[in-house]
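The block underneath contains the structure these notes are about, expressed in structure tokens.
The values are calculated or read from the model by the stated rules, or taken from the named source; none is laboratory data. Here the structure is a predicted model, which is why all the values come from computation and not from measurement. Positions of Cβ are backbone-derived with ideal geometry, glycine not excepted, and every protein chain shown enters the neighbour counts.
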């Protein structure tokens, strides 16, 4: 019994140490515009000829093939980097290039930001644009509501909310069927 | 005959408890006055919450607050009076009407875009969009159709459940009273 409690104390101290270490190790979220908070790095390539190609407005073939090999392809319903389907813009703020893709939607014809390319330490790093950041930035334009939560509740996840309402409705109907006497309506 | 004798033997036990429960609803001036003052404010606050989708409002909490206002009225004035003011047919209507309103917002997108848009694709509400722009139209749709639909359903569901439970208790008391007699 005594050894058990000693082992438990040691385990608790070990877990507490791990927690303290993890909390100390988490990077600070001070700068919301840093690339780590807006983009997710996916891979790096050699910059030979790619910088000139990006400046000229053409995506290098290696980026296209590698993104499609990672799963961002037609089979998984992601828009691909087809010729004439994308726009490359120089992003002075983050010192890189933004790759915008036409998604093929009927009612939103403007291209959307999908990838970000940045040159650092003699290599080109390809980032994927962070989805929550995209939602936060585009909510007012797309959904017409200032509140991102409302847009998520009723617009992006409209089906979810509709069937939540159906759950409440069916619950009330079940209570009526179980408890009510006939002719009480 | 033996069953009747057993009932007579058991009669004094529940009878002493059932006789005070059978009495009429007792009015209380303080509770009624407080409820009269509070109910309109609570209902107004509920409507404000339902329409306030730009802030922290929404259909679910707004419907709960509206239902709380009506339930306060029913508890203060009794179920008989509550059934007069809030008829049960209205609850049944509200319950299903909110769901129809939500689904109707989805079907409006299909109808107005002549089948080009999907169900619940609010971006395609063209006649309204020609007046005020697509994004603003979607915002109004969100605030006024979806939230009002959710709030109406939640309100009707909660009030009808409260009525059901209250009536069940009354029926059981009545049955006990009849058994005793």
_Scope the stretch A:149-184; condition over 24 Å from the mean Cα position of the chain (by Cα) and not in a helix (DSSP H, G or I); matching residues_ = A:180, A:181, A:182, A:183, A:184
*In the stretch A:45-62, residue farthest from residue A:81 (Cα to Cα) [restricted to those that are without any contact (Cβ under 8 Å) to a residue 60 or more places away in the chain and in a loop (DSSP other than H, G, I, E, B)]*: A:48
_Flag if residue A:146 is within 17 Å of the chain's Cα centre (by Cα) and without any contact (Cβ under 8 Å) to a residue 12 or more places away in the chain_ = no
*asked:* Whether any residue in the stretch B:89-97 is within 30 Å of residue A:142 (Cα to Cα) and more than 10 Å from chain A (Cβ to nearest Cβ) is what I want to check.
replied: yes
*Here are A:182, A:128: which of them is more than 10 Å from every other protein chain (Cβ to nearest Cβ), modelled with pLDDT under 75 and surrounded by fewer than 21 Cβ atoms within 10 Å (Cβ to Cβ)?*
A:182
_helices (runs of 4 or more DSSP H) contained in the stretch B:107-181 and holding at least 3 residues within 22 Å of residue A:147 (Cβ to Cβ), within 7 Å of another protein chain (Cβ to nearest Cβ) and at pLDDT below 80_ = B:134-141
*asked:* Looking only at the stretch B:147-175, how many residues end up being crowded, with 17+ Cβ neighbours inside 10 Å and either in contact (Cβ under 8 Å) with a residue 60 or more places away in the chain or in contact with a strand residue (DSSP E or B) (Cβ under 7 Å, 6 or more places away or on another chain) (or both)?
replied: 18
_All positions within the stretch B:69-86 that are in contact with a helix residue (DSSP H, G or I) (Cβ under 7 Å, 6 or more places away or on another chain) and either in contact (Cβ under 8 Å) with a residue 40 or more places away in the chain or surrounded by 20 or more Cβ atoms within 10 Å (Cβ to Cβ) (or both)_ = B:69, B:70, B:71, B:73, B:74, B:76, B:77, B:79, B:82, B:86
*asked:* Need pairs with beta-carbon distance below 6 Å; first residue more than 17 Å from residue B:98 (Cβ to Cβ) and facing chain B (nearest Cβ under 7 Å) and within the stretch A:150-166, second in a helix (DSSP H, G or I) and at pLDDT below 80; sequence gap 6+ or separate chains.
replied: A:155/A:143
*Give the stretch A:63-95 a look and list any residue that's crowded, with 17+ Cβ neighbours inside 10 Å and in contact (Cβ under 8 Å) with a residue 60 or more places away in the chain, or say none.*
A:63
